Amino acid sequence: MTRRLFLPLLSITLTMALAGCRKATPAQDSAPEPQVQLTPVQFAADSAMMHVNRQCDLGPRVPGTSAHAACADYIAARMAAYGLSVEDQTFDATTWDGKAWRGRNIIARYNADAAERVVLAAHWDSRPWADADPDSSRHREPVMAANDGAAGVAVLLEVARCLKELKPQVGVDLVCFDLEDYGAPYWGEAPDDGSDWCLGSQHWSREARRTGYKARYGILLDMVGGHDARFCYEGFSLRYARSVMVRLWETAAGVGAANLFVSTEGGYVTDDHVPMNETAGIPTVDVVPHVNGAASTFGATWHTVNDTPANVSKENLRLVGQTLLQMLAEEM
């Protein structure tokens, strides 16, 4: 994951409570509110965890490595096997250290001809440096990125498998971004605007604007599998996609994930959803941890050598995935 600048959010909790609540005691002459019907399609946590392990079995997916190339092929092949149309969106990028790369975003489309669309996204690359590890001697080792990369992709892959049974009434685009986590470590020279991060989503967002691509909303998944994960209201998401975030948190509560999607304030996070909102103009919510009391707000394994499959929660993957399936099932 990234380069986060967290700033306090003011007056959000009350605002969100008012935005999302229903009347506790409706008037006697009011009709009862219809109950939301939960989809019978179930997200398989074992399948998602298998995808986490398969990615990590390749090794850290650091740009320029054979593991990186093999992982992109794996994601594209699985999406195609699930019946989605798959596009490789390649792009040229120069990172903070002056290196030139050929990036590869993977775009998988369900119901490709539908005009009304929803976009779900995650990044698939691994950070080259474990620069937040408690052991400073390991800071230049790559991160396995089981949570910070593989977990979000694994949820998207299992959602992709479920789409044929779910049959949402909109088109769904599942986008896996490359070169998200190559931002400058503490020993590098980073630009002040944070543009050294999220290179794949920057390119995708520029292309979306250029081609006129539209979607009702987007949901970005980042580090969604940590045992200690708790997702709070993220600042940019509220600024650009408040109604989507309210609905997402209410949907999570409806499928039993209220303990994970916590109705409290978090902070502002520089992540792939920022160009999706600001450049592509798609109201996009970031599902990202805000963990109080940990060494990192993003959880104990963030940018450390301990970001391994052993530290990923199958149950948290299931709750996030089931929330997404319910959101899609309710689209009309």
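In table form, for the structure just shown:
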{"quantity": "Contour excess over end-to-end distance, with Cα ends at residue 213 and residue 315 and 0.36 nm allotted per residue", "calculated": "33.3 nm"}
{"quantity": "Longest to shortest principal axis, alpha-carbon extents of region 202-315, angstrom", "calculated": "41, 33, 24"}
{"quantity": "Choice from 249, 302, 187 with maximal GNM fluctuation in the chain (Cα, 10 Å cutoff)", "calculated": "187"}
{"quantity": "Amide H within-cut-off set for residue 313, under 5 Å, with H built and near neighbours excluded", "calculated": "226, 227"}
{"quantity": "Cα-centred dipole magnitude for region 155-258, charges only on beta-carbon of K, R (+1) and D, E (-1), debye, nearest 20", "calculated": "820"}
{"quantity": "For the chain: accessible area per residue (Å², 1.4 Å)", "calculated": "42"}
{"quantity": "Charge dipole magnitude, Cβ of K and R +1, D and E -1 - region 49-167, Cα centre, debye nearest 20", "calculated": "260"}
{"quantity": "Cα-centre dipole for region 200-316 with unit charges at Cβ (Lys and Arg positive, Asp and Glu negative), debye to 20", "calculated": "500"}
{"quantity": "Of (1) 34, 23, 18; (2) 30, 23, 19; (3) 72, 21, 17, the label for semi-axes √(5λ) of the Cα gyration tensor in Å derived from the coordinates", "calculated": "(2)"}
{"quantity": "Of all accessible heavy-atom area on the chain, the percent that carbon and sulfur account for (1.4 Å)", "calculated": "51"}
{"quantity": "Residue 295 versus residue 66: modelled label distance in nm, points set 7 Å from Cα along the beta carbon direction", "calculated": "3.2"}
{"quantity": "Kyte-Doolittle mean at least -1.0 and Cα axial length at least 20 Å: DSSP H helices in the chain", "calculated": "66-81, 152-166, 235-254, 314-329"}
{"quantity": "Other-chain or far-sequence residues with amide H under 5 Å of residue 219's (modelled H)", "calculated": "119, 120, 121, 285"}
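The values are calculated or read from the model by the stated rules, or taken from the named source; none is laboratory data. Worth saying up front: this structure is predicted, and the values here are computed from it rather than measured. Note that we place each Cβ from the backbone using ideal geometry, even for glycine, and neighbour counts take in every protein chain shown. For accessibility, only protein heavy atoms count, side chains too; no ligands or nucleic acids. Shrake-Rupley method; radii C 1.70, N 1.55, O 1.52, S 1.80 Å.
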